Amino acid sequence: MNQYRVNLKNKNRIVIKIGSSSLTHETGRLNLYKMDQLARILTDLRNQGKEIVLVSSGAIAVGVERLRLHERPKTIAIKQAAAAVGQAALMQIYEKLFGEYNQQVAQVLLTKDVVKHPRRRKNTENTFCALLKMGVIPIVNENDTVATEEIEFGDNDTLSAAVADVIKADLLILLSDIDGLYTCDPRLDSKAQLLSVITEITPEVEAAAGGAGSSLGTGGMATKIAAAKIVGNAGIDMVIANAEKLNDLYAIINGEEVGSLFIGKPHSNM
């Protein structure tokens, strides 16, 4: 077993991100079976003593469905209105599903200015640490209702990387619609090979990252590489794995060869 993979067994504070396309059916409605499975697995990991933070997309998608809109909003005002409706509904569903497993959750909505401002950043870290100490699973999303271009993360890959950095996480797991990072797009080239361990983000690695693959989400592989840079510079490892195989979360944390593992830069103790 690869030593980098073995090291994942010792990761305790873990941020897990799941996107809109992974939480919804092709109809745009929520995939409740998958959400329940996610709640059960994350609660089980928490029961093992892991500190878990979930970064979840889906607010706008849920809002679109609840407001009976025919497509994803294009104007900021309608987008933010959909987010306001959808976020409340999304948290209500998470509260119910996690509650079935006696797991307390909390909602945390962030904008970029919070993590950029030193005092607000420290307050955010303290809040997360208090929640984790009490055994709560924080559920994080961007505060789309108030976010503007100046203060928005823009995608939840970047948000989850920022959260991992702020709370000094040990590991970030990005659940995607693909098994990991390939040498080229496997949907277009049958010779594409999965990159299992990436110790350095080279120009070749960046070239292997394509664009967005879903109309529901905003992030593609390029945003995941950007997230890997953020957490990598903070000394945090990151894994890209397939959201269709949620049980693989156990395998990842057990050090098995699943998905693409990006190794964080080691920090000196000086």
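Every number in this text was worked out from the coordinates using simple rules, so none of it is lab data. These figures come from a predicted structure and were not determined experimentally. Methodologically, a virtual Cβ is constructed for each residue, glycine included, from the backbone with ideal geometry; neighbour enumeration extends over all protein chains shown.
Normalising by the residue count of the chain, find the relative contact order in percent from Cα pairs under 8 Å and 6+ residues apart.
23 percent
With a ≥ b ≥ c the root eigenvalues of the C-alpha gyration tensor of the chain, is it rounded (a/c under 1.5), prolate (a/b larger than b/c) or oblate?
Since a/c stays below 1.5, the shape of the chain is classed as rounded.
Would you grab the residues whose amide H sits under 5 Å from the one on Asn242? Only those 5+ places off in sequence or on another chain, please, with H modelled 1.01 Å from N.
Ser176
Of all DSSP beta bridges in segment 3-262, what percent run antiparallel (nearest 5)?
Taking every DSSP beta bridge within segment 3-262, about 15 percent pair in antiparallel fashion.
Taking a ≥ b ≥ c as the square roots of the Cα gyration tensor eigenvalues, with a/c under 1.5 meaning rounded and otherwise prolate when a/b beats b/c, else oblate, which class fits segment 14-159?
Working: a/c = 2.24, a/b = 1.14, b/c = 1.97.
The shape class here is oblate.
Taking amide H positions as placed in the peptide plane 1.01 Å from N, state which residues far from Asp237 in sequence (5 or more) or on other chains have amide H under 5 Å from it.
Leu172, Gly264
Using the count of nearby Cβ atoms within 10 Å as a rough guide to exposure, how do Glu200, Glu51, Glu65 rank from fewest to most? Intermediate results must be reported in sequence, preceding the final value.
Details: Glu200 10, Glu51 23, Glu65 18.
Taking fewest neighbouring Cβ atoms as first place, the list is Glu200, Glu65, Glu51.
Once phi is turned into ³J(HN,Hα) by the Karplus curve 6.51 cos²θ - 1.76 cosθ + 1.60 with θ = phi - 60°, what whole-Hz value does each residue of segment 22-36 show in order, with x for glycine and proline?
So the J values, rounded to whole Hz, are 7, 9, 10, 7, 5, 6, x, 7, 5, 8, 5, 4, 5, 5, 5.
With a ≥ b ≥ c taken as the square roots of the eigenvalues of the C-alpha gyration tensor of segment 16-88, please select rounded if a/c is under 1.5 and otherwise prolate if a/b is larger than b/c or oblate if it is not?
Here segment 16-88 falls in the prolate category.
When a footprinting reagent is the concern and you count Cβ atoms within 10 Å, what order do Met134, Met221 take, fewest first?
In increasing order of surrounding Cβ atoms, one gets Met134, Met221.
Reachable lysines from Lys34, Cα under 18 Å, same-chain residues fewer than 8 places away excluded?
Lys17, Lys96, Lys245
Convert each backbone phi in segment 69-75 into a coupling constant with the Karplus relation 6.51 cos²θ - 1.76 cosθ + 1.60 (shift: θ = phi - 60°), then list the ³J(HN,Hα) values in order as whole Hz, x for Gly and Pro.
Karplus-based 3J(HN,Hα) across segment 69-75 equals 7, 7, 7, 4, x, 9, 8 Hz.
What ³J(HN,Hα) values, in whole Hz, does the Karplus curve 6.51 cos²θ - 1.76 cosθ + 1.60 give for segment 8-17 when θ = phi - 60°, with x put for Gly and Pro?
5, 5, 9, 6, 10, 9, 10, 9, 10, 10
At 222 nm, what helix-only mean residue ellipticity would the chain give, in deg cm²/dmol to the nearest 500, using -39500 (n - 2.57) for each DSSP H run of four or more?
Here the helix-only value at 222 nm equals -12000 deg cm²/dmol.
Report the net charge of residues surrounding Cys129, where surrounding means a beta-carbon distance below 12 angstrom and charges are Lys +1, Arg +1, Asp -1, Glu -1.
+2
Quick one: which residues, 5+ away or cross-chain, put their amide H under 5 Å from the amide H of Ala106? H built at 1.01 Å from N.
Distant-sequence amide H within range of Ala106: Ile137, Ile139.
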